[in-house]
Amino acid sequence: MKSDNAEPFAFIAVNDLVALTRGRSLPKSELNLNSGVGWVPADLALNAFGALADPNPFGALGDLRLIPDMSTKAIFRGKKYGRDVEVYLADQHTMDGKPWECCPRSLLKNALERLKKDHGLEVIASYEHEFVTKNADGSSLQGSPFGLDGMLVTEPFGNDVWRAFVDAGIELENWLPEYGAGQFEVTVTPQNALKASDQAVMLKEIVRHVARENDLRATFVPLPHPEGVGNGVHVHLSLKKDGKPATYDPAGKAGLSKVAESAFAGVLDHAEGILAWTAPSQISALRLTPHRWSAGGICIGRQNREALLRICPIPSGADPNKIYNIEFRAADATANPHIVMACLVNAMCDGLDRKLVIDHIVDDHIDNVDVPPLPTSLNQAIEAFKANKTMNSWFAKDLIDTHLGIRASEEKTLSGLDNPEKCARYAAVY
Ligand code: GLU
Ligand code: MG
């Protein structure tokens, strides 16, 4: 290794099945873009607490290469850093140079190709993240719900995040103090679904890093405490055909175009199994209950913050073709964004293949309508996934086995803990 302090480190990274970013670094000038850096298949079997799922399909065998996508660059600067750390997300390739069948980012690329090839559609997306900040010693920050005081008390944190987003090519839309003490929400400009998912990975790393630099701690844990507010990851989705918006049709049900209706009917149809991937931690289901403004039932609702799919409002004066979008509310930060999006896109493809329709748009409070409940536990979602042959066909068998192995290993690690303790264990990681 050269020892030129000015030269940045390049950290070649993957986001894994527990949504943690792992990888290897080297001086940037030594990075070979074609052969990337080495990697190990079993790394995919790490659970949130750093243990390998046992058994897993890989064991001690095999090798991979991480091939960086240089367009994903995010720069991490630190007060004490001798050199910047540039992070690049990578695709995982086998030794013969092909995408690895278990690579989450490649899974998403395949799903997007399928949607394009079979239906001529592209997905535009934006991830909305919530997180809670605390002082470095773990004490809570003061601030009233949505209050200016809550925002100002953490400054210059917000300003620093904004700058770091600019360095990473992420366009900030809103930075807002949320309901909980020290809780924030961050929304970014919609992008194509791959870029939006890449940014969802980087965004969390940036927020956590900038928080540490400001002597704060930020956690995206789905639920810091069972009695407290949740941190959601809401995925805003719209469709494009031939480069033009294709989600809105004033003559359609609640403004849904025919293709959007079938696509989102596909998401509703597979919702139970989807949750095994989008809300995959042992505490994720605790957040997904009515009256938490997360998601309280399997339905699509107009401007309804308890519907699994929320039809977002069109402000007067805005062009509905550009603004109209549907929000999937049942993801959280313990889920890999590429896999979240791959599930949604594959479900859309299936809805379109089968020309599914939506029977009912919910316009009332969730308590007043008869809609199927969401799975009440991860195991229930996993059983729904296992029974869903269509969903199983979206993934390589080794990927499914690894995912399920991780979930079983986390359940075992946390057995004997009560829910507040489980939340605390995850809060320390995310
Ligand atoms: N905190 C809520 C959740 O867990 C979301 C609140 C909102 O922004 O609508 O999803
Ligand atoms: Mg919010």
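The values are calculated or read from the model by the stated rules, or taken from the named source; none is laboratory data. Since the model is a prediction, treat every value here as computed from it, not as a measurement. Note: ideal-geometry Cβ built from the backbone for every residue, glycine included; neighbour counts use all protein chains shown. These area figures cover heavy atoms from the full protein model, side chains too; ligands, DNA and RNA do not enter into them. Shrake-Rupley method; radii C 1.70, N 1.55, O 1.52, S 1.80 Å.
When the test is whether a residue is touching a strand residue (DSSP E or B) at 6+ places or on another chain (Cβ under 8 Å) and more than 13 Å from THR94 (Cβ to Cβ), PHE76 passes it. Flag: GLY38 does not match the condition of being of a type in the set (Gly, Ala, Ser) and assigned to a loop (DSSP other than H, G, I, E, B). Within segment 308-342, being away from ligand 2 (no atom under 16 Å from the Cβ), assigned to a loop (DSSP other than H, G, I, E, B) and under 17 Å from ALA381 (Cβ atoms) holds for THR334, ALA335, ASN336. State all residues of segment 141-156 that are open to solvent by 80 Å² or more (accessible area, probe 1.4 Å) and within 16 Å of ligand 2 (Cβ to nearest atom); if no residue qualifies, say none. Listed by number, the list holds a single entry, PHE146. Taking into account only those residues within segment 112-134 that are in contact (Cβ under 8 Å) with a residue 60 or more places away in the chain and of a type in the set (D, E, K, R), which is nearest to ligand 1 (Cβ to nearest atom)? Looking at residues that are in contact (Cβ under 8 Å) with a residue 60 or more places away in the chain and of a type in the set (D, E, K, R), I get GLU130.
Number of residues in segment 92-127 that are within 18 Å of the chain's Cα centre (by Cα) and open to solvent by 20 Å² or more (accessible area, probe 1.4 Å): the value is 4.
In segment 291-307, which residues are within 12 Å of ligand 1 (Cβ to nearest atom) and closer than 14 Å to VAL371 by Cβ? Selection gives ALA295, GLY296, ASN304, GLU306, ALA307. Mind checking whether some residue in segment 157-179 is within 16 Å of ligand 1 (Cβ to nearest atom), surrounded by fewer than 20 Cβ atoms within 10 Å (Cβ to Cβ) and part of a loop (DSSP other than H, G, I, E, B)? Scanning segment 157-179 turns up at least one residue that is within 16 Å of ligand 1 (Cβ to nearest atom), surrounded by fewer than 20 Cβ atoms within 10 Å (Cβ to Cβ) and part of a loop (DSSP other than H, G, I, E, B).
Residues of segment 350-378 that are assigned to a helix (DSSP H, G or I) and under 20 Å from LYS116 (Cα atoms): ASP350, GLY351, LEU352, ASP353. Being more than 18 Å from ARG22 (Cα to Cα), at pLDDT 95 or above and either open to solvent by 10 Å² or more (accessible area, probe 1.4 Å) or among the aromatic types (Phe, Trp, Tyr) (or both), is that true of even one residue in segment 73-89? Among the residues of segment 73-89, not one is more than 18 Å from ARG22 (Cα to Cα), at pLDDT 95 or above and either open to solvent by 10 Å² or more (accessible area, probe 1.4 Å) or among the aromatic types (Phe, Trp, Tyr) (or both), which makes the answer no.
Residue count for segment 201-230 satisfying the condition of being within 16 Å of ligand 2 (Cβ to nearest atom) and either without any contact (Cβ under 8 Å) to a residue 60 or more places away in the chain or open to solvent by less than 30 Å² (accessible area, probe 1.4 Å) (or both): 11. When segment 115-156 is filtered for residues that are over 22 Å from ASP332 (Cα atoms), charged (D, E, K, R) and not in a loop (DSSP other than H, G, I, E, B), the ones remaining, listed by number, are LYS116, LYS117, ASP118, GLU122, ASP149. Note on segment 231-307: no enclosed helices (runs of 4 or more DSSP H) hold 2 or more residues that are surrounded by fewer than 23 Cβ atoms within 10 Å (Cβ to Cβ) and in contact with a Cys (Cβ under 6 Å, 6 or more places away or on another chain).
Every condition in (1) open to solvent by 20 Å² or more (accessible area, probe 1.4 Å); (2) out of contact with any Lys or Arg (no Cβ under 9 Å at 6 or more places or on another chain) is met by ALA347 except one, and the failing one is (1). Taking the criterion of being open to solvent by less than 20 Å² (accessible area, probe 1.4 Å) and charged (D, E, K, R), the only residue of segment 365-409 that qualifies is ARG407. Checked against the criteria, SER140 does not count as within 23 Å of SER35 (Cα to Cα), more than 16 Å from ligand 1 (Cβ to nearest atom) and not aliphatic (A, V, I, L, M). Annotation: of all residues in segment 180-193 being more than 16 Å from VAL166 (Cβ to Cβ) and in a strand (DSSP E or B), the one that is farthest from ligand 2 (Cβ to nearest atom) is ASN192.
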